Each structure stands twice: as structure tokens, then as C-alpha cells.
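Participant: Pasting a structure here, questions to come.
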Amino acid sequence: MLILGIEGTAHTLGVGIVDSEANVLANVIDMFRPPQGGLHPREAANHHADVVANDIVKAVEQAGVSLKDIDLISFSMGPGLGPCLKVAGTAARALSYSLGIPIVGVNHCIAHIEIGNATTGCTDPCLLYASGGNTQIIAYSDQRYRIFGETQDVGIGNMLDKLGRDLGLGFYAGPTIEKLAQDGDKLLDLPYSVKGMDISFSGILTAALAYKEKGCRLEDIAYSVQETAFSMLTEVTERAMAHIGKTEVLLGGGVAQNGRLREMVGEMAKERGGKMFVPERQFCRDNGAMIAWLGYRMYSSGVRMDISDTEVRQRFRTDEVPVTWRS
Ligand code: ATP
Ligand code: FE2
């Protein structure tokens, strides 16, 4: 069985093709980079609308198959930016309708977990999902992926991107901040906000920008922001693992590409006698292959959707989805 998945929750339009053994035959990733400033949902959606047809063709070529060989269409139903979600949804519905094949709308956050499980070999992890718009600690329990802790304000990646923009580092600042942080050595005092299992990042952002006004080195600011924010993430992840008795930790989301975050979470897992798993870079980012794979898992467990069930859901929560594909 061949599944084509379309991702379009935020700045990335992705088209992936996988088979029923989780072999990834194509994974076209097309990211919108705003010419200046932050991400405007409608501009990103316009980008997705411009490229989606061509990216579908590219994916089919990359996979060495024809559209007629595709058996199932899957797309990111949410959570995400409304205009972007609608483009992915419309493309998916059009394909499903014109090819006469079934369609499944999936939860983007769960797709990150399932592609991680399938490609890294972990079996029952606690997921630290750290991306631009999302920051959650998720684990499976009793037929749901449950959220054990999450950000109360912005996602960690959005905080890094906003910081980068205000420091003049350009958009998509995570990698630039990581590089700068390597040359930082002074740990500046920043608000460490963990409340119960939840965290928040906006205090760090405000305080970091105040250090810039005081003339502190960008390297030290970047270093301190990473150390503080990643410690918060590591602490909450560790507590979730202890609470539910899991030894595996899986990283997901764009920020999981950060070497320092990997180091901190990896050390924590090792100290607990557990293990950290990190998916390949292309699967940490938003991508279509993960959407295709979750679509397959849902479909093969009996989930069916009519076109009328595929309305996009901007605030689609991870724990709303009955996990029918795990025993
Ligand atoms: P989602 O829709 O799941 O919220 P997203 O649209 O933010 O995801 P991703 O590709 O998962 O997309 O993540 C992008 C984020 O990852 C950006 O905020 C970017 O700055 C951040 N990022 C990328 N590489 C790194 C890195 N090396 N260190 C820290 N952050 C990074
Ligand atoms: Fe994502």
C-alpha cells in the first residue's frame, strides 16, 4: 500500500510518500521564508498554494511511482494556522476525490511521535515535542497520547525566532542562536519558569532582550537562553518519565535538531538508565512522510473519513484522538 501525506500546519508545505512498512519513498519539504519579519499565516498559505501541486509531482517522481499507484491520501488536519491548514486540506481532498481513493486527516503532533517510533526503533517513549508552535511532553497511556506538560505561552521555537528577530539575526533563528551559544560562557540570570509540569518562555524572552539593551554579548545571551530553557524542558521531561515509569525518551519538532538540547536530554536519560532517540533531521522538521505514516496507521486500524469529516482544526489537541492503532 502507498500513502501520500500532505503537511501544511505552518511555514512548511511537505509532501511525503511511504509504504506500509514505513519505508519513506519521498519526502519533499518546501519551507516558506518570509522576506522580512515574522510569519504571516496568509502569506505562508499563499506560498503553500503556489507550490503544492508541483511538490506533489516532485514527490511522485522522487518515489518513482505514478499518482495512480497511490492508495490513500493523508493530510495534517491540525493543530496549526487556519489558512495554511486549508491549503493542505484542499489539496488532499482534491486528490482523494479525483483519484477515487480514501482520505484521512491526522493530528500533526501525533505524526511526530509515530514517525519517531517507526524510524528510530523506540517502542514506548515519552516524547519531548519542541517545535516552533508547540512544546509538549507527551506519552501513551490507556488508548490516548496524553499531554503531561506543556508551554503556557509560546512554543520554544517561536520564542527563539522572536528573540533572533529582535537581536537582528533574521527569521528561523534557532540554528543561529545555537551557533552563537557555542561561544558564550557567562550564564546570565533568566527566569526559570516551571509551574507543576508546565513551563513558560515569555519571561526569558523579555529578560534576554533587556540584557541586550545593557550591552551584554549576544553569545552570552544565546548561551543563557539555551541553558535555561533547555533545563526547564529536561526537568519536566524527566519528571514525566519518572511519573509514568518510561525509560525511553524521543525528541521531535524542529528544535530537536539542537545539539545542546540533545546533550542535556541524552544525559538525563542515561542517568535514569534509559535511552534517548532522535529521528533523522528530515523527520524532526515538519514533513509529509510523517503525515502519510500516521494516516496509514489510522487507516489500517479501521479509521475511515468522509470528505465532510475532514474540516481542519486549528486547535486540535493531541489527547483528543482515540489511539486505535496500538494495542
Ligand atoms: P509546528 O507546526 O510543529 O509547531 P514548526 O512549524 O515550528 O512546527 P518545525 O520545523 O518543527 O516547524 O520547527 C521549526 C522551529 O525549529 C523554528 O522555530 C526554528 O527556529 C527551530 N529550530 C530549527 N533548528 C534549530 C536548532 N538547531 N536549534 C534550535 N531551534 C531550531
Ligand atoms: Fe511540527
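No lab work stands behind these numbers, since they all come straight from the coordinates. Quick caveat: nothing in here was measured; it's all calculated off a predicted structure. Glycine gets a Cβ as well: all are built from the backbone with ideal geometry, and neighbour counts include every protein chain shown.
Participant: I'd like the Karplus ³J(HN,Hα) series for segment 83-96: coefficients 6.51, -1.76, 1.60, θ = phi - 60°, whole numbers in Hz, and an x wherever there's a Gly or Pro.
Facilitator: Running phi through 6.51 cos²θ - 1.76 cosθ + 1.60 with θ = phi - 60° gives x, 5, 4, 5, 5, 4, x, 5, 4, 5, 5, 4, 5, 4 Hz.
Participant: Per q in 0.20, 0.25 Å⁻¹, report the Debye log10 I(q)/I(0) for segment 239-327, using one uniform scatterer on each alpha carbon and no solvent.
Facilitator: The Debye formula, applied to the Cα set alone, gives -1.15, -1.27.
Participant: Another question, then. Choose one answer from TYR211, TYR296, TYR129: the residue with the largest mean-square fluctuation in a GNM of the chain with alpha-carbon springs under 10 Å.
Facilitator: TYR211
Participant: Within segment 123-219, which trypsin sites (Lys or Arg not before Pro) sit in a loop by DSSP and count at most 13 neighbouring Cβ atoms inside 10 Å? Don't skip to the end; give the middle numbers.
Facilitator: On the way: sites: ARG144, ARG146, LYS162, ARG165, LYS179, LYS186, LYS195, LYS212, LYS214, ARG217; in loops: LYS186, LYS214, ARG217.
Loop-located and lightly packed - LYS186, LYS214.
Participant: While we're on this one: For every other residue with a beta carbon closer than 14 angstrom to the beta carbon of CYS284, add +1 if it is Lys or Arg and -1 if Asp or Glu, then tell me the sum.
Facilitator: Here the charged neighbours net out to -2.
Participant: Could you state the angle between the C-alpha long axis of helix 288-300 and the longest principal axis of the C-alpha atoms of the chain, as a value from 0 to 90 degrees rounded to the nearest 10?
Facilitator: Computed tilt is about 60 degrees.
Participant: Reported to two decimal places, what Rg/Rh ratio describes segment 224-264 when computed on Cα atoms with Rh from the Kirkwood expression? It would help to have the intermediate numbers written out before the result.
Facilitator: On the way: Rg = 10.6 Å, Rh = 10.9 Å.
For segment 224-264, the value is 0.98.
Participant: Run the simple label-point estimate for GLN152 and VAL194 please: 7 Å along Cα→C-beta, distance reported in nm.
Facilitator: Inter-label distance under the simple model: 1.5 nm.
Participant: Straight-line reach from LYS275: which lysines have Cα under 18 Å away, leaving out those fewer than 8 places along the same chain?
Facilitator: LYS246
Participant: Now for a different question. When only C-alpha pairs under 8 Å and at least 6 residues apart count, what is the relative contact order of the chain, in percent?
Facilitator: Numbers: 740 pairs, mean separation 85.0, N = 327.
Relative contact order of the chain: 26 percent.
Participant: If you average the sequence gap of Cα pairs under 8 Å that are 6 or more apart and divide by the length of segment 25-69, what percent do you get for the contact order?
Facilitator: Reported as a whole number, the value is 50 percent.
Participant: Name the residues whose placed amide hydrogens come within less than 5 Å of the amide hydrogen of ARG313, ignoring near sequence neighbours (fewer than 5 apart) on the same chain.
Facilitator: The answer is GLY78.
Participant: Take the alpha carbon atoms of segment 45-93, find their center, do the same for segment 135-176, and report the distance between the two centers in whole angstrom.
Facilitator: 25 Å
Participant: Now for a separate question. Å³ per residue of the Cα convex hull, for segment 1-144?
Facilitator: Measuring per residue, one finds 116 Å³ for the Cα hull of segment 1-144.
Participant: Run the reach check for LYS179 against lysines, Cα to Cα strictly under 19 Å, same-chain hits fewer than 8 apart removed. What comes back?
Facilitator: Once the sequence-local lysines are set aside, what remains near LYS179 is LYS162, LYS212.
Participant: Past the 25 angstrom mark, what percentage of all C-alpha to C-alpha distances in the chain do you count? Working shown, then result.
Facilitator: Working: 26181 of 53301 pairs.
Roughly 49 percent, rounded to a whole number.
Participant: Still on this structure: Once you have the alpha carbon radius of gyration of segment 97-256, what is it after dividing by 2.2 N^0.38 Å, with N set to its residue count?
Facilitator: Computed over Cα atoms of segment 97-256, the ratio equals 1.16.
Participant: Jot down the per residue volume, in cubic angstrom and as a whole number, of the convex hull over the alpha-carbon atoms of segment 200-255.
Facilitator: In segment 200-255, the Cα convex hull volume per residue is 90 Å³.
Participant: Something else now. Which residues does the label zone of SER98 cover in segment 21-56, counting backbone N under 11 Å from a point 7 Å along Cα→Cβ?
Facilitator: Residues passing the 11 Å test: 53-54, 56.
Participant: Placing +1 at every Lys and Arg Cβ and -1 at every Asp and Glu Cβ, with all other atoms neutral, what dipole size does the chain have around its Cα centre, in debye to the nearest 20?
Facilitator: Values: 31 positive and 39 negative charges, 54 e Å.
Using only the charged Cβ atoms, the result is roughly 260 debye.
Participant: I would also like to ask the following. For GLU267 and SER231, compute 0.36 nm times the residue count separating them, minus their Cα-Cα distance, and round to one decimal in nm.
Facilitator: Numbers: separation 36, 0.36 × 36 = 12.96 nm, distance 1.16 nm.
Additional length available on full extension: 11.8 nm.
Participant: Let me ask another. Restricting to the chain, compute how many DSSP beta bridges are antiparallel as a %, nearest 5.
Facilitator: Close to 60 percent.
Participant: Let me ask something else about it. Taking the Cα centre of segment 203-259 as origin and charging only Cβ (+1 Lys, Arg; -1 Asp, Glu), how large is the dipole, in debye to the nearest 20?
Facilitator: On the way: 5 positive and 7 negative charges, 21 e Å.
Using Cβ point charges on Lys, Arg, Asp and Glu, segment 203-259 gives about 100 debye.
Participant: Now for a different question. Could you work out the Rg to Rh ratio of segment 29-111, with Rh taken as the Kirkwood radius (inverse of the mean 1/r over all Cα pairs)?
Facilitator: Working: Rg = 13.6 Å, Rh = 13.8 Å.
Checking Rg against Rh, the ratio lands at 0.99.
Participant: So how far, in whole Å, is the C-alpha centre of segment 254-327 from the one of segment 22-36?
Facilitator: Centre-to-centre (Cα) distance: 16 Å.
Participant: Continuing with the same structure: Please report the net charge: other residues with Cβ closer than 12 Å to the Cβ of LEU233, K and R +1, D and E -1.
Facilitator: Values: positive: ARG239, ARG260, ARG262; negative: GLU150, ASP198, GLU227, GLU235, GLU238.
Every neighbour counted, the sum reads -2.
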